[in-house]
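Down below is the structure, laid out as structure tokens.
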Amino acid sequence: QVQLVESGGGLVQPGGSLRLTCAPSGSIFNFYAMGWYRQAPGKQRELVASINRSGRINYAESVEDRFTISSDNAKNTKYLQMNSMKPEGTGVYYCHDQETNYWGRGTQVTVDS
């Protein structure tokens, strides 16, 4: 069964950093166009950052200049570097492959002192 697997979540203090990782598991497929989503408690899932096949990147306004999405195509892995984190960044972070519509199960990120 093919799935995407996120890792790297955890508890971080406000102002701190985390790096999330997303990679396929269960099958070999190359994924190029993907998005990182966040679902805060009691809220809808929202797109945080995305990268398309040509490398074009978009960020939600709330994370621009603090988050960085990147790819390591040799490892078939995507990353989300999150800096200067804020309490409103708390939630479950999911990765999503735009071409296959695969979702990961999410990784919890909590920003709290």
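The values are calculated or read from the model by the stated rules, or taken from the named source; none is laboratory data. As the structure is a computational prediction, the values presented were derived from the model and not from experiment. Here the Cβ positions follow ideal geometry from the backbone for every residue, glycine too, while neighbour counts run over all protein chains shown. Just the protein is used for accessible areas: all its heavy atoms, side chains included, with ligands, DNA and RNA removed. Shrake-Rupley method; radii C 1.70, N 1.55, O 1.52, S 1.80 Å.
The conditions of being out of contact with any strand residue (DSSP E or B) (no Cβ under 8 Å at 6 or more places or on another chain), in contact (Cβ under 8 Å) with a residue 12 or more places away in the chain and more than 16 Å from M82 (Cα to Cα) are met by R53.
For region 52-69, a residue qualifies if it is modelled with pLDDT under 95 and surrounded by 14 or more Cβ atoms within 10 Å (Cβ to Cβ), and exactly one does: N52.
Exactly one residue out of K86, K43, K78 is in contact with a Cys (Cβ under 7 Å, 6 or more places away or on another chain) and of a type in the set (K, R), and it is K78. Checked against the criteria, R19 counts as under 14 Å from the mean Cα position of the chain (by Cα), open to solvent by 60 Å² or more (accessible area, probe 1.4 Å) and either under 17 Å from D112 (Cα atoms) or not aliphatic (A, V, I, L, M) (or both).
Against the test of being without any contact (Cβ under 8 Å) to a residue 12 or more places away in the chain and of a type outside the set (S, T, N, Q), the options G42, G26, G9, G16 yield a single qualifying residue, G42.
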